[in-house]
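Asker: Before I ask anything, let me first share the structure, which is written out below as structure tokens.
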Amino acid sequence: MKNHCALLIIDVQVAMFDEADPVYQGEQLLQKIQMLMDKAREAGHSIIYIQHSEGAGSPLERGTPGWAIHPSITPIAGDLVIEKETPDSFHETNLHLKLQEDGVTELILTGMQTELCVDTTCRRAYSLGYTVNLVQDAHSTWNSKTLQADQIIEHHNTVLRLFANVVDTENAL
């Protein structure tokens, strides 16, 4: 029998952890994702990594060191890695097909960037009929010109309640 739940780890790549422009609470984010991965593996849930790719010269250029998934959460055999080029993890990828093939109906979302890829993927997953669980303390971003990272995260945790169950790491699985 296939498991109907998958942990989706969005864009947790080496370039996102540049010390010159640190992501908000990056080390805590990695620790929480590791906890979620351990729980998912124990429960027999699929783990799917979404890997963002950009053009030549970008920190997320395919094949460069910055493009790699962060070493503290490296995929293992059986995990799925899906590349994307837009904030929507489903757009022009085989994510939806793979989830359907595996009978997945429920997603647990974590990763970055809160206001872009996490937000867009959450909304799209909901529109495709998935039960979505957004892990409110396991996604992150950077300060913007108008808002601090913690404000952006809190705002999205509030707004995305329309599309997802918003849960913390301890209660995500």
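Asker: Work out the length of the dipole vector of the chain about its Cα centre, built from +1 on the beta-carbon of each Lys and Arg and -1 on the beta-carbon of each Asp and Glu, and round it to the nearest 20 debye.
Answerer: Details: 11 positive and 24 negative charges, 88 e Å.
Value, rounded to 20: 420 debye.
Asker: When only the heavy atoms of the protein chains count and the probe is 1.4 Å, how do E19, E61 rank by accessible area, highest first?
Answerer: Most to least solvent-accessible, the answer reads E19, E61.
Asker: If you take percent of Cα pairs over 25 Å apart from the coordinates, which of (i) 25; (ii) 34; (iii) 38 do you get?
Answerer: Given (i) 25; (ii) 34; (iii) 38, the structure-derived one carries the label (i).
Asker: How many percent of DSSP beta bridges within the chain run antiparallel, rounded to 5? Numbers along the way, then the final one.
Answerer: Numbers: 1 of 27 bridges.
Among the beta bridges of the chain, antiparallel pairing accounts for roughly 5 percent.
Asker: If you don't mind, there's one more thing I want to ask. Per residue, how much accessible area does the chain show when a 1.4 Å probe rolls over the protein heavy atoms, in square angstrom?
Answerer: Working: 8500 Å² over 173 residues.
About 49 Å² of surface per residue is accessible.
Asker: Restricting to DSSP H runs of at least four residues, report the calculated mean residue ellipticity at 222 nm for the chain, -39500 (n - 2.57) per run over all residues, nearest 500 deg cm²/dmol. List each step's numbers first, then the result.
Answerer: Numbers: 4 runs with 45 residues, N = 173.
Mean residue ellipticity at 222 nm (helix-derived): -8000 deg cm²/dmol.
Asker: Starting from the 7 Å offset along Cα-to-Cβ, what nm value, one decimal, do you get for the label separation of E92 and E42?
Answerer: Reported label-point gap for E92 and E42 is 4.0 nm.
Asker: Quick one: work out Rg over Rh on the C-alpha atoms of segment 84-145, Rh as Kirkwood radius. Can you show the working numbers first?
Answerer: Values: Rg = 12.0 Å, Rh = 12.1 Å.
Checking Rg against Rh, the ratio lands at 0.99.
Asker: Would you kindly calculate the mean projected area, averaged across all directions, of the convex hull enclosing the Cα atoms of segment 119-160, in square nanometres?
Answerer: On the way: hull surface 12.2 nm².
Orientation-averaged projected area of the Cα hull: 3.0 nm².
Asker: A further question follows. Be a star and scan segment 17-52 for residues whose amide nitrogen sits under 17 Å from the point 7 Å along the Cα-to-Cβ vector of V81.
Answerer: 17, 47-52
Asker: Do you know the relative contact order of the chain, to the nearest whole percent, from alpha carbon pairs under 8 angstrom that are 6+ apart?
Answerer: Details: 325 pairs, mean separation 46.3, N = 173.
For the chain, the relative contact order is 27 percent.
Asker: Could you list the square roots of 5 times each eigenvalue of the Cα gyration tensor of segment 1-88, that is, the equivalent ellipsoid semi-axes, sorted largest first and rounded to whole Å? Spell out each step's value before the answer.
Answerer: Numbers: eigenvalues 115, 51, 19 Å².
Taking √(5λ) for each eigenvalue gives 24, 16, 10 Å, largest first.
Asker: Mean 1/r over all different Cα pairs, inverted: what Kirkwood radius does segment 2-50 give, in Å?
Answerer: Details: mean 1/r = 0.0840 Å⁻¹.
Hydrodynamic radius (Kirkwood, Cα only) of segment 2-50 equals 11.9 Å.
Asker: Ignoring ligands, DNA and RNA, what percent of the 1.4 Å accessible area of segment 43-148 is carbon and sulfur?
Answerer: Values: 2550 of 4860 Å².
Carbon and sulfur: 52 percent of the exposed surface of segment 43-148.
The values are calculated or read from the model by the stated rules, or taken from the named source; none is laboratory data. Predicted, not measured: the structure shown is a model, and the values here were computed from it. Note: ideal-geometry Cβ built from the backbone for every residue, glycine included; neighbour counts use all protein chains shown. Protein only, heavy atoms only, side chains kept; ligands, DNA and RNA dropped before computing areas. Shrake-Rupley method; radii C 1.70, N 1.55, O 1.52, S 1.80 Å.
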